[in-house]
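Asks: The structure under discussion is supplied below as structure tokens; questions concerning it will follow.
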Amino acid sequence: MKYFWHWLFVLFSLMIFINGDPLVPTLCIFGDSVMDAGNNNHLNTLFRANFLPYGRDFETHKPTGRFSNGKLAADFIGEYLGFETYPPPYLSTNNKTLLLAGANFASAGSGYADQTARLYKAISLPRQVKYYKEWQDHMISMVGKEKASVMFSSGLHILSAGSSDFLQNYYINPALRKFYKPSKIADILLTSYYTFVKNLYSLGVKRIGVTTLPPIGCLPAAITLFGSKNKCISRINKVARMFNNKLNVTSQDLVASYPDLKLVVFDIYHPLLDLITKPSDNGFFESRRGCCGTGIVETSLLCNARSIGTCSNATGYVFWDGVHPSEAANEILAQTLLEQGLGLIS
């Protein structure tokens, strides 16, 4: 595998060097906290990461709003594709020229369900699509309709959602658990997913990658809050796998309905599970705790400059905080996503 990635990156580097341009014209990001690059900095929400130690290992060594010690998987993907800058948070800039290569619309605390976004005052997926339409209008005014339409149809669009719907909504809401089985919740969420893809397609989008749920039963905070034996919660992981199976079926239905749509389901479940269950095989030594504070529950405001126990070097940790991967893990995950998504950039 190491040699595969070496030659793959050499090939990509040669392509970028020869053409002088990224492999796709634009990169647009949607979803939740694993993709949010700073949109929540501009919202009245407690779900923020614009303070240290978040961002301490980023290029500027300053917090940006990313829920990590450094780069997100989306940042690495942008680098691999040949972009010189990362897709900026859509709410962060009034300089629309900075958005010519794409934008990041993701918002921590968001999910497939509008209710999830409302709970945490995040940007819902329908609102993210509205912002995307605004971005399209800006691009048309800047480069013209013909060139912009190529940017939309050939650009890469990535969505990551669902974890907040389960861990921060369903599993903490006794009423939801009483009246809805996980399979029913999954169907409701996937209806929103279907609508999201259909709406993007109606705006000229033809290349979309969507991540599966990760092994949410293995996230440190999930084990702390919902577990009892200090190990991955099998019943929650079983729900994640059920959702992922349904996600694949729904995605196949979408491709059948829109034959010119390139839609790839990125399996994040198994690559992250591999890092968690076999950390030493992947260069890590800690996968039960995050680096920040105790590492077993802290995220957002609970992970701060005064958090006692924060590690000095996060490179050996799979998780940065109780929910989100470290920069080192994000780099590996981005590589697996790139391998799975080659069809989206060809």
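The values are calculated or read from the model by the stated rules, or taken from the named source; none is laboratory data. All of these numbers come straight from a predicted model, not from anything done at the bench. Don't worry about glycine lacking a Cβ; one is built from the backbone with ideal geometry, like all the others, and counts go over all protein chains shown.
Asks: Scan segment 110-138 residue by residue and report those that are in contact (Cβ under 8 Å) with a residue 60 or more places away in the chain, buried (at least 22 other Cβ atoms within 10 Å of the Cβ) and aliphatic (A, V, I, L, M).
Replies: 113, 122, 123, 125
Asks: Would you mind finding the one in 249, 239 that is out of contact with any strand residue (DSSP E or B) (no Cβ under 7 Å at 6 or more places or on another chain), crowded, with 18+ Cβ neighbours inside 10 Å, assigned to a helix (DSSP H, G or I) and among the aliphatic types (A, V, I, L, M)?
Replies: Values: 249 fails: crowded, with 18+ Cβ neighbours inside 10 Å.
Of the residues listed, the single one that is out of contact with any strand residue (DSSP E or B) (no Cβ under 7 Å at 6 or more places or on another chain), crowded, with 18+ Cβ neighbours inside 10 Å, assigned to a helix (DSSP H, G or I) and among the aliphatic types (A, V, I, L, M) is 239.
Asks: Return the pair list, or none, for Cβ contacts closer than 6 Å from residues in segment 226-237 that are under 14 Å from residue 269 (Cβ atoms) to residues that are at pLDDT 95 or above and in a loop (DSSP other than H, G, I, E, B), at least 6 apart or on different chains.
Replies: Note: pairs meeting the criteria are 237/215.
Asks: A further question on this structure: What's the number of the only condition in (1) modelled with pLDDT of 95 or more; (2) more than 23 Å from residue 183 (Cα to Cα); (3) surrounded by fewer than 17 Cβ atoms within 10 Å (Cβ to Cβ) that residue 228 fails to meet?
Replies: With (1) modelled with pLDDT of 95 or more; (2) more than 23 Å from residue 183 (Cα to Cα); (3) surrounded by fewer than 17 Cβ atoms within 10 Å (Cβ to Cβ) applied to residue 228, the lone miss is (1).
Asks: Output the residues belonging to segment 46-94 that are under 19 Å from residue 328 (Cβ atoms), charged (D, E, K, R) and touching a residue at least 60 places away in the same chain (Cβ under 8 Å).
Replies: Across segment 46-94, the qualifying residues are 57, 71, 75.
Asks: Name the one entry in 204, 102, 109 that is within 19 Å of residue 263 (Cα to Cα) and under 20 Å from the mean Cα position of the chain (by Cα).
Replies: Details: 204 fails: under 20 Å from the mean Cα position of the chain (by Cα); 109 fails: within 19 Å of residue 263 (Cα to Cα).
Of 204, 102, 109, the one residue that is within 19 Å of residue 263 (Cα to Cα) and under 20 Å from the mean Cα position of the chain (by Cα) is 102.
Asks: Can you name every residue in segment 58-80 that is under 15 Å from residue 157 (Cα atoms), crowded, with 23+ Cβ neighbours inside 10 Å and not charged (D, E, K, R)?
Replies: Within segment 58-80, 73, 74, 77, 78 meet the criteria.
Asks: Oh, and also: Is it true that residue 274 is more than 17 Å from the chain's Cα centre (by Cα), over 24 Å from residue 183 (Cα atoms) and not in a loop (DSSP other than H, G, I, E, B)? If you could, list the steps in order and put the result at the bottom.
Replies: Values: more than 17 Å from the chain's Cα centre (by Cα): yes; over 24 Å from residue 183 (Cα atoms): yes; not in a loop (DSSP other than H, G, I, E, B): yes.
Here the answer is yes, as residue 274 does meet what is asked.
Asks: Quick test of your reading of the structure: residue 220 fulfils all but one of (1) surrounded by fewer than 19 Cβ atoms within 10 Å (Cβ to Cβ); (2) in contact with a strand residue (DSSP E or B) (Cβ under 7 Å, 6 or more places away or on another chain). Name the failing condition by number.
Replies: Every listed condition holds for residue 220 apart from (1).
Asks: Would you say residue 301 is over 22 Å from residue 55 (Cα atoms) and in contact (Cβ under 8 Å) with a residue 40 or more places away in the chain?
Replies: Numbers: over 22 Å from residue 55 (Cα atoms): no; in contact (Cβ under 8 Å) with a residue 40 or more places away in the chain: yes.
No, not satisfied.
Asks: Could I ask something else about it? Of all residues in segment 87-126, how many are hydroxyl-bearing (Ser, Thr, Tyr), modelled with pLDDT of 95 or more and in a loop (DSSP other than H, G, I, E, B)? It would help to see each step written out before you state the result.
Replies: Step one: of segment 87-126, the residues hydroxyl-bearing (Ser, Thr, Tyr) are 90, 92-93, 97, 107, 110, 112, 116, 120, 124.
Narrowing the set further to residues that are modelled with pLDDT of 95 or more leaves 90, 107, 110, 112, 116, 120, 124.
After this cut, where a residue has to be in a loop (DSSP other than H, G, I, E, B) as well, the list is 107, 110, 112, 120, 124.
Of the residues in that region, 5 qualify.
Asks: Further question on the same structure: Select from segment 281-315 the residues that are closer than 18 Å to residue 335 by Cα and not in a loop (DSSP other than H, G, I, E, B) and list them in ascending order.
Replies: Here is the first cut: in segment 281-315, the ones closer than 18 Å to residue 335 by Cα are 281-284, 315.
Once the filter is applied, which keeps residues that are closer than 18 Å to residue 335 by Cα and not in a loop (DSSP other than H, G, I, E, B), segment 281-315 yields 281, 282, 315.
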